[in-house]
Amino acid sequence: MATQHSRSAARMMMAPATILLLGWMLVPLTMTLYFSFKKYLPLRGGDLGWVGFDNYVRFVSSSSFWPAVATTLVIVGGVLIITVILGVLLALLLDQPIWGQGVVRILVIAPFFVMPTVSGLVWKNMFMDPVNGFFAHLWRAVGAEPIQWLSQASLPSLIMIISWQWLPFATLILLTAIQSLDSEQREAAEMDGAGPIGRFSFIILPHLARAITVVVLIQTIFLLSIFAEIFVTTAGAFGTKTLTYLIFQRVLESQNVGLGSAGGVYAIILANIVAIFLMRVVGKNLDR
Amino acid sequence: MARTVSTRRKTLTTIAAWTIGIVIFFPILWIIVLSFKTEGDAIKTPLEVLTSLWTFESYAVVQERSDYFKHFTNSVIIALGSTLLGVLVAVPAAWSMAFVPSPRTRGILMWMLSTKMLPAVGVLYPIYLLFIQLGILDSRIGLVVVLMLINLPIIVWMLYTYFREIPGEILEAARMDGATLRAELLYVLTPMAIPGIASTVLLNVILAWNEAFWTLNLTAAKAAPLTAFIASYSSPEGLFYAKLSAASVMAIAPILIMGWFSQKQLVRGLTFGAVK
């Protein structure tokens, strides 16, 4: 059906989007690479010349690097475990016949639409504040000493806040996947005498495997670049400095652009490793 | 045999689901409550909060004191502007990939997706520097462009998956009936594409509204949308729970309502069609 004419028209139609994205990718990326090989301190002397791989070595050998890696892994891992497990359970529950199912769905999904700065600040002040927060009141009501959430249990607190934001996403996707499961298949299993646990582990879970993979990969990409939640709650204090936050501080707060750019290149490589796996899953879908 | 469920079981699952739903929704519910209290009452124990007087005072104060509407307008312009601009660029691209696929279509789609994976912090300084040199730091136009670019892959992908569902035979039938290209576009394709475009717009307005990396790093007082404005509450002076609550409720309400309408599109858009 496609003629030569429509092919060239198609190419014309593709051009704006392709050129824009190409520019968006290449220009800043080239600049980041360029800066990463320079000693560049905009506020203290500017461009001080080429330094080879110095920045790359200094970034990984600085005392804040490994703690930042650990923090990143704990946050990403913690949130993934919580959201996937609770997401599966919640999706199974919401798939059952319930009175007012639509309303419950709305309640469960709501946190995803709350902007990150709002959820960070609301949790920090209204819930985790050790004097006036909701939890503090609750703890005092049962005679316990209120917890200094964001300073004494900073990582668990952040994981809790971020999980609250991402649980709806996991639930919604897993629920969509469960509902696409053939009900006849489930009924057949039921008639064959498979109990609820058997049905879950041999029919539902294998069916969900793909959706879980997608949830894990997409969330990993977003979670690796979590920023606002840390920015408004601890600002990187109390051991909550992730790689993203560390690079942000190097680049904008201490204006050590060369060092920050080298960190940026590491972040890009890390994200690309995750992205390759995600693209495989998504790509498979294109062939169908 | 349809799945028959005893009333007893349905009652139990209903109670469980509602309990969990309310627990998850509780933080939002609680700031709605606090936003209708005075600052003095908002920091009392939950029981005292609930029994104290209800008032609109905080909403009035937030609007008077902090140019709330300026930031609200910024959010509207940035979210809508970036989305519409993105759709304008993406429709022709998605259209041609869906209807005139070439051997390279797949590769181009995957490459577009890969640009979405670029971590923002990796290119923070170059963008910051470009913004300074172009004189668009802390300007709405700058953010419109950046948010358009970061969401463009999602827009193209969503539109592509919607357009691909439009059967090609309909076009051929229209052509056989003697429809001109213009008529074909206007009366056949456009009506079929509008629901997909609308869903795409909806989801992307939500994403742009809530974006909180570039909006925090590229704006100051002038062009700050609500994400950045609310962040300025992170170092407050004195009592501010009720005001923070009121500002938050106003910032999330419009998007919460839009979000509830876009549940299905959310799954499709954010999984790039991998889960439907």
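Bear in mind that the values in this text are calculations on the coordinates, not laboratory data. Given the structure is predicted, the values throughout are model-derived calculations rather than measurements. Cβ coordinates were reconstructed from backbone atoms using ideal geometry, including for glycine residues, and neighbour counts include every protein chain displayed.
Descriptive notes on the structure:
- Sequence of A:ASP47, B:ASP41 once ranked by neighbouring C-beta atoms within 10 Å, starting from the fewest: A:ASP47, B:ASP41
- Whole-Hz couplings from phi, Karplus 6.51/-1.76/1.60, listed for region A:216-231; x for Gly and Pro: 4, 5, 5, 5, 4, 4, 6, 5, 4, 10, 3, 9, 4, 4, 6, 3
- Comparing B:THR51, B:THR83, B:THR161 in a Gaussian network model of chain B, where Cα atoms under 10 Å apart are tied by springs, the biggest mean-square fluctuation is seen for B:THR51.
- Shape call, region A:43-287: gyration tensor on alpha carbons, a/c limit 1.5: oblate
- Calculated mean residue ellipticity at 222 nm for chain B: -23000 deg cm²/dmol, from DSSP H runs with n ≥ 4 weighted as -39500 (n - 2.57), summed, divided by the residue count and rounded to 500.
- Rounded Å value of the spacing that divides the Cα centres of region B:8-60 and region B:245-276: 21
- Taking 7 Å steps out from each Cα toward its Cβ at A:ILE19 and A:ILE81 produces label points 5.1 nm apart.
- Whole-Hz Karplus values for region B:48-61 come out as 5, 4, 5, 8, 7, 5, 9, 8, 8, 3, 4, 4, 5, 5 Hz, taken residue by residue from phi with 6.51 cos²θ - 1.76 cosθ + 1.60 and θ = phi - 60°; glycine and proline positions read x.
- Modelled this way, with points 7 Å down the Cα-to-C-beta line, the labels at B:ILE141 and A:TRP50 are 3.7 nm from one another.
- Cα-based shape type of region A:66-127, given that a ≥ b ≥ c are square roots of the gyration tensor eigenvalues and the cut on a/c is 1.5: oblate
- Computed [θ] at 222 nm, helices only, for chain A once each DSSP H run of length n ≥ 4 contributes -39500 (n - 2.57): -22500 deg cm²/dmol
- Alpha-carbon centroid distance for the pair region A:171-225 / region B:207-224, whole angstrom: 37
- The alpha-carbon of B:LYS44 sits under 22 angstrom from the alpha-carbons of these lysines, leaving out residues fewer than 8 places away in its chain: A:LYS124, B:LYS243.
- The residue list B:VAL275, B:LEU186, B:LEU171 was ranked by how far each Cα lies along the charge dipole of region B:153-276 toward its positive end, using unit charges on Cβ atoms, and B:VAL275 comes out on top.
- Cα→Cβ-extended label distance, 7 Å offset, between A:VAL131 and B:LYS70, nm: 3.0
- Qualifying aspartates and glutamates (Cα of each under 16 Å from Cα of B:LYS70; at least 8 residues distant if same chain): B:ASP138
- Cα-only Debye scattering, the protein assembly as shown: base-10 log of I(q)/I(0) at q = 0.07, 0.08, 0.12 Å⁻¹: -0.45, -0.59, -1.29
- Taking Cα atoms only, the orientation of helix B:105-116 departs from the longest principal axis of chain B by about 20 degrees.
- GNM flexibility winner over chain B from B:ALA183, B:ALA16, B:ALA224 (Cα, springs under 10 Å): B:ALA16
- Rounded Å value of the spacing that divides the Cα centres of region A:257-274 and region A:1-61: 13
- Cα gyration tensor shape for region A:1-130, rounded if a/c is under 1.5, else prolate or oblate: oblate
- Efficiency of FRET from Cβ geometry, B:SER102 and A:GLN179, R₀ 30 Å, rounded to 0.05: 0.30
- Entries in A:LYS241/B:LYS222; B:LYS116/B:LYS264; A:LYS39/B:LYS116 that, when Cα-Cα distance is taken, lie over 27 Å: A:LYS241/B:LYS222; A:LYS39/B:LYS116
- Ranked by how many other Cβ atoms sit within 10 Å of their own Cβ, fewest first, the residues B:VAL275, A:VAL257, A:VAL216 fall in the order A:VAL216, B:VAL275, A:VAL257.
- Remark: region B:244-250, residue by residue, has Karplus-estimated 3J(HN,Hα) of 4, 4, 5, 4, 5, 4, 5 Hz, where x stands for each Gly or Pro and the curve is 6.51 cos²θ - 1.76 cosθ + 1.60 at θ = phi - 60°.
- Loop-located trypsin sites (Lys or Arg not before Pro) in region B:76-181 whose Cβ has at most 14 other Cβ within 10 Å (DSSP): B:ARG104
- Comparing B:GLY168, B:GLY196, B:GLY86 in a Gaussian network model of chain B, where Cα atoms under 10 Å apart are tied by springs, the biggest mean-square fluctuation is seen for B:GLY168.
- Dipole magnitude for region B:7-59: about 580 debye, using +1 per Lys or Arg Cβ and -1 per Asp or Glu Cβ, origin at the Cα centre.
- Taking 0.36 nm per residue of separation and subtracting the Cα-Cα distance, full extension of the segment from B:ILE257 to B:ARG8 would add 86.3 nm.
- Within the same chain, aspartates and glutamates fewer than 8 places from B:LYS10 are excluded, and of the rest, those with a Cα less than 12 Å from its Cα are A:ASP95.
- Per the Cα gyration tensor, region B:12-158 maps to an equivalent ellipsoid with semi-axes of 43, 25, 14 Å, ordered largest to smallest.
- For trypsin sites (Lys or Arg not before Pro), the sites in region A:9-71 that DSSP calls loop and that have at most 16 other Cβ atoms within 10 Å are A:ARG44.
- Less than 5 angstrom separates the built amide H of A:TYR40 from those of A:LEU48, A:VAL257, A:GLY258, A:LEU259, all sequence-distant by 5 or more or on a different chain.
- Among the GluC sites (Glu not before Pro) within region B:177-263, those in coil by DSSP and having at most 16 neighbouring Cβ atoms inside 10 Å are B:GLU237.
- For the pair B:ILE32 and B:SER234, a Förster radius of 30 Å applied to the C-beta separation gives a FRET efficiency near 0.90, rounded to the nearest 0.05.
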